[in-house]
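The numbers here are math on the coordinates, done by the rules we state, and not lab data. This structure is a prediction, so every number in the text was calculated from the model and none was measured. Cβ atoms come from the backbone with ideal geometry, glycine included; neighbour counts cover every protein chain shown.
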Amino acid sequence: MNAQVVYNLVKTLPKEEFEKLYHMMKNEFNVQTSAREPKRSKKHFPDITVREMEIYLIENHFNKK
């Protein structure tokens, strides 16, 4: 018996039987279901205007000697 045959058999099970099988397999193989990792928050940029950003770049990056 291969995995494809078992998969096709499992698809035909009623929902209750599928859940029982799921829990039996989970216990058999000691599968740890972990909670989803929290999403990383987006990096927030400072509240500056485009013009202020342009001035900053000109003064600090383009005019370096």
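A cut-off of 5 Å between modelled amide H atoms, ignoring neighbours fewer than 5 places along the same chain, links LEU13 with no other residue. Neighbours of MET53 by Cβ distance under 15 Å: Lys/Arg scored +1, Asp/Glu scored -1, total -3.
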